[in-house]
Amino acid sequence: MSLRKLLLAPLEKLLSIADPAEQIRIQRETSMVKYAQMGLRHFLSLPQEHAFATAQAGLHSYKRLLQRGTLPVDTPQLPPVVSEVTQRLQHGSCMLALPFNLSTLQLLRTLPADLARRSIVIESQAVVNAITAMSSPNKALQTMPPRDVIKRVKAARTDGSAPVLYISFPELHTRGNGTTASLNFLGKSCTFSLLEPLLYCFGLQTMLTLAPSPDRASTLQLLQFEGAETDGPNAGKALALCMGWLSGNLQNMAQAFPELTLSWQHLYRASGQFRALERNDKLKQLEAYFDAWRQAGPELDAQTYAFVKSRLTEMRNSH
């Protein structure tokens, strides 16, 4: 390295630290690793050092995929998803409900333009960030908020519109504002959105996902949900069966390929443990507010203050 480069290197580092965009990037990556590590420890019971190393390796591989389009050498081989989906689209719309990992992002990145034009990715902030940051983003790929997807699927039952491939990442909208359910995910309580099963019941009845191959550890297989009746009293059962099938396959993928999984932070934020901690923090903030109000003067009388403290204690002990 030249003397000039040696002298300029510290200056460039200082300038990058002072750059607000760089600071935001660093904060985001730090948060990703922190919560991914917590997710790995919570769901897989990994030791702290192992969980941290796995989370850091996942972030490094994610950045390399976005910047260079390359995957780790031990990434499992995908089945012929494009040809399988193209064939099914001849008979109507279908959904790819995928785990959020390196393999599925690579699939999204390399989707042929003709299939991309017939595809809609269900929006979440994480997948929008990934699509935007990809070194060779697929310009034909369209994203759509969940509420608009629901309207479109319902309308397609009667309007005769062309078949569409919907692509979703269920782990990314686990804490959505829509209908949710508390499930057992890798032995731990976790809240999942029922978006995909609802779309199935609304008429999107070709539901596909990826799973580890039982024959070869280095390959994945494409699975289809075996239909359930969705009319009348059967709708609730179909919803439960579809959600159980989907969450079971997502669990298998996360457990088989933890180093490729990019959803650990999202899964942890949807876990019962995180929700309990979050709830406890909010109660502490509320208690501190009333303590400060009481100390500030006589506006909050002793009887009301005692009642509030009692209710806060009951709320804290109720979970």
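Kindly list the residues of the stretch 262-288 that lie in the label zone of Ser31, defined by a backbone N under 13 Å from the point 7 Å along the Cα-to-C-beta vector.
Within reach of a label on Ser31: 265-266, 269.
Helix-only estimate, please: 222 nm mean residue ellipticity of the chain, summing -39500 (n - 2.57) across DSSP H runs of length 4 or more and dividing by its residues, to the nearest 500.
Details: 13 runs with 182 residues, N = 319.
Mean residue ellipticity at 222 nm (helix-derived): -18500 deg cm²/dmol.
Accessible area per residue for the stretch 135-288 in Å², computed with a 1.4 Å probe and the full protein assembly in place, what is it? Let's see the in-between values first.
Values: 7230 Å² over 154 residues.
For the stretch 135-288, the solvent-accessible area averages 47 Å² per residue.
Hey, can you list the DSSP H helices of the chain whose Cα span along the axis is 18 Å or longer and whose average Kyte-Doolittle score is at least -0.5?
Working: long enough: 3-18 (24 Å, 1.03); 20-44 (35 Å, -0.48); 48-68 (29 Å, -0.72); 146-159 (20 Å, -1.01); 235-256 (32 Å, 0.44); 272-296 (36 Å, -1.11); 302-317 (22 Å, -0.66).
Long hydrophobic helices here: 3-18, 20-44, 235-256.
Just tell me which aspartates and glutamates come within less than 19 Å, Cα to Cα, of Lys154; anything on the same chain fewer than 8 places away is out.
Candidates past the 8-residue exclusion: Glu123, Glu196, Glu229, Asp231.
If contacts are Cα pairs under 8 angstrom and at least 6 residues apart, what is the relative contact order of the chain in percent? Intermediate results must be reported in sequence, preceding the final value.
Values: 413 pairs, mean separation 68.5, N = 319.
It rounds to 21 percent for the chain.
Using only the Cα atoms of the stretch 82-211, build the gyration tensor, take square roots of its eigenvalues as a ≥ b ≥ c, and label the shape rounded, prolate or oblate: rounded if a/c is under 1.5, else prolate if a/b is larger than b/c, else oblate.
Values: a/c = 1.61, a/b = 1.13, b/c = 1.43.
Since a/c reaches 1.5 but b/c is at least a/b, the shape of the stretch 82-211 is classed as oblate.
If I compute solvent accessible area with a 1.4 Å probe over the protein chains, what percent of it on the stretch 200-319 is carbon and sulfur? Could the numbers behind the result be given before it?
Working: 3460 of 6580 Å².
The C+S portion of the solvent-accessible surface of the stretch 200-319 is 53 percent.
Of the DSSP beta bridges with both residues in the chain, give the percent that are antiparallel, rounding to the nearest 5.
Working: 13 of 26 bridges.
Just about 50 percent of them are antiparallel.
Classify the stretch 124-283 as rounded, prolate or oblate from the Cα gyration tensor: take a ≥ b ≥ c as the square roots of its eigenvalues, call it rounded if a/c is under 1.5, otherwise prolate when a/b beats b/c and oblate if not.
Details: a/c = 1.28, a/b = 1.19, b/c = 1.08.
The shape class here is rounded.
The values are calculated or read from the model by the stated rules, or taken from the named source; none is laboratory data. This one's a predicted model, so the numbers in the text were calculated from it and none came from an experiment. Here Cβ is always computed from backbone atoms with ideal geometry, including for glycine, and neighbour counts include all displayed protein chains. For accessibility, only protein heavy atoms count, side chains too; no ligands or nucleic acids. Shrake-Rupley method; radii C 1.70, N 1.55, O 1.52, S 1.80 Å.
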